[in-house]
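Read through the structure below, which is laid out as structure tokens, and then see the notes.
Every number here is computed from the coordinates shown, using simple stated rules; none is lab data. No experiment lies behind these values; they were computed from the predicted model shown. Heads up, the Cβs are rebuilt from the backbone with ideal geometry, glycines too, and the neighbour counts pull from every protein chain shown.
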Amino acid sequence: MSKPNNSFVSPPKKLLQKKFDKFAEEIIKQLQKNGHDAYLVGGCIRDQLIDIPAKDFDVATSATPEQIRKIFKASRIIGKRFKLVHVYKGSQVIEVSTFRASGAKSNQEKIVKDQLGKILRDNVWGTIEEDCERRDFTINSLYFDPIQKKLFDKHQGINDSYKRKIVSIGDPMLRFEEDPVRSLRAVRFATKLNFKIDKQIKDAIYEKGHLLSSISNARRFDEFNKIFMHGKAQHNFEKLETFDLLKHLVSHVGQSNSYGYRLQMSALINTDNRIYEGKSVTPGFLLAAILWPKLIEIATVENLISTRRFFPNMDKILRDQQILTAVPRRFYTYIKDIWSLQLRLQSRIKNQPFKVLQHPRFRAAYDLLLLRIEASNSKSDIGDWWTKFQSCNRQTKLEMIKRHRENSSNSKKFGLSGELG
Ligand code: ATP
Ligand code: MG
């Protein structure tokens, strides 16, 4: 065992030159003024070392939640399983967490575990040394004090960052039992940072990945967002599938090369591209697209979407997903609107197209329609029709509807040729 002070190392130039978030630094200063130790920790240090912008700045301190709360007026204690403090300034929030004791040293009764070894509650305070043991991976266990320029690196996190390796702190079999989410996190960091996953971790994912079914669906929804809403959706989807973890986040995955899989891929790539272009994304749209193939598979009768099967099964499909990831209620109506609009985009009767165009979800529904056309290799001109309909004048719109009525034999035929059966 290394002595406490052996873990303080001289910080690389990169960290010394860097200007960290002002507010996070201010919080650290205040905590230190009040006699506590305080450091920037985790992702913000790791990302800095490999030259990518930090997503957020987390602070770890020797002060207890109650002490932190007293120092910062605009702050709130959150969490039960892991108590921590949010400190606010305008719209900014910094997460400040108290050093936690390691499982081995602390009073076992205070760290509550279930029969499978999963930690249910963990609010035993400790030292920086102990806190470090509780972190998931070596690259996430770096602590930097930007005021006194001190770096704490007990597990060679700097080395592993430069080697671009994800290495577990302690035996990953045990660590993934304590918290199964760590297997998802290993995959997420591998794609985000373009790092290799250490062999021991890979084995632990195969062995312990199934424990993901024991965590709450709310936590799985949080991870769903971190995994699919940050620019690496496609890569994560594929990698999670190879580790057989995808089934814990997505209720229906298309078979490779099928229409369903192609649509799912298109939606993921579309999400990544939108993030890259700085456009907004929502898990609602992604879920609508990911689950669409299953919905129409259930709803198809004799090569056509049957509305009698389509509408009642919308809830069933959402329920299947809800079991995995607690999809917030507000997305339910959003997703169902997008699905229902797929049929209305196709029928185009009377003044319906005008109404559809006014619908608040038109744009999202149109985007899904384009993805369906692409994934089904359909020759249908329906996408072009709607592209034109959005931008032409009223007179042309009326003519388009009339022409469509004359040319189509049945306005109740739903589904594109390449996506049904
Ligand atoms: P990013 O914010 O870029 O996704 P991060 O490493 O900052 O990455 P967070 O989820 O913000 O990840 O967590 C902050 C830190 O808390 C991590 O770096 C890690 O040290 C620790 N941590 C978070 N979740 C866990 C977990 N499930 N098990 C162990 N340590 C964790
Ligand atoms: Mg973070």
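So how far, in whole Å, is the C-alpha centre of the range 1-73 from the one of the range 297-324?
That distance is 50 Å.
What are the ³J(HN,Hα) couplings of the range 283-292, residue after residue, when phi is run through the Karplus curve with 6.51, -1.76, 1.60 and θ = phi - 60°? Round to Hz, x for glycine and proline.
My calculation for the range 283-292 gives x, x, 5, 4, 5, 4, 6, 5, 8, 4 Hz in order.
Need one number: nm distance between label points at residue 349 and residue 309, each 7 Å from Cα along Cα→Cβ, rounded to one decimal.
Label at residue 349, label at residue 309, 2.1 nm between them.
Please express the Cα-Cα pair-distance distribution P(r) of the chain as a list of whole percents, one per 10 Å bin, running from 0 to the bin with the greatest distance.
It works out to 4, 19, 26, 21, 14, 10, 5, 1, 0, in whole percents.
Tell me, 286, 357, 420, 142 in order of fewest to most beta-carbon neighbours within 10 Å?
Placing the least packed residue first, the sequence is 357, 420, 286, 142.
For the chain, with the dipole built from +1 on Lys and Arg beta-carbon atoms and -1 on Asp and Glu ones, taken about the Cα centre, which of 155, 54, 376 lies farthest toward the positive end?
After comparing all options, I get 376.
In the range 139-183, which trypsin sites (Lys or Arg not before Pro) are in a loop and have at most 15 other Cβ atoms within 10 Å, using DSSP for the loop call?
The qualifying sites are 149, 164.
Would you please name the trypsin sites (Lys or Arg not before Pro) within the range 36-89 that are DSSP coil residues with at most 10 other C-beta atoms within 10 Å of their C-beta?
Taking the range 36-89 and a limit of 10 other Cβ atoms within 10 Å, the loop trypsin sites (Lys or Arg not before Pro) found are 73, 80.
With a cut-off of 13 Å, note down the residues of the range 53-89 whose backbone N falls inside the zone around a label point 7 Å from the Cα of residue 33 toward its beta carbon.
Under cut-off, by backbone N: 71-73.
Scan the chain and report its longest stretch carrying no GluC sites (Glu not before Pro) that are both in a DSSP loop and have at most 15 other Cβ atoms within 10 Å.
The longest such stretch corresponds to 110-276.
Name the residue farthest towards the positive end of the dipole of the chain from the options 313, 197, 268, assuming +1 on Cβ of Lys and Arg, -1 on Cβ of Asp and Glu, about the Cα centre.
The residue sitting most towards the positive pole is 313.
Using a Cα-Cα cut-off of under 20 Å, which aspartates and glutamates could be cross-linked to residue 113, ignoring same-chain neighbours fewer than 8 residues away?
Straight-distance partners of residue 113: 122, 130, 131, 133, 136, 171, 177, 178, 179, 207.
Which value at 222 nm does the chain reach when only helices count, each DSSP H run of 4 or more adding -39,500 (n - 2.57), with the total divided by all residues and rounded to the nearest 500 deg cm²/dmol?
-15500 deg cm²/dmol
Using DSSP, restrict attention to beta bridges with both residues in the chain and report what percent are antiparallel, rounded to the nearest 5.
Given both bridge residues lie in the chain, the antiparallel proportion sits at roughly 80 percent.
Magnitude of the Cβ-charge dipole of the chain, K/R +1 and D/E -1, about the Cα centre, nearest 20 debye?
1300
Listed here are the pairs 13/55; 18/163; 55/316; which of them are more than 31 Å apart at the Cα?
Going by Cα-Cα distance, 55/316 fall outside the 31 Å limit.
Taking a 31 Å limit on the Cα-Cα distance, which of the listed pairs 73/165; 208/232; 239/294 fall beyond it?
73/165
Over the range 259-407, what is the relative contact order in whole percent, taking alpha-carbon pairs under 8 Å and six or more residues apart?
After rounding, I find 23 percent.
Counting other beta carbons within 10 Å of each Cβ, put 392, 132, 44 in order, fewest first.
The fewest-first ordering by Cβ neighbours comes to 392, 44, 132.
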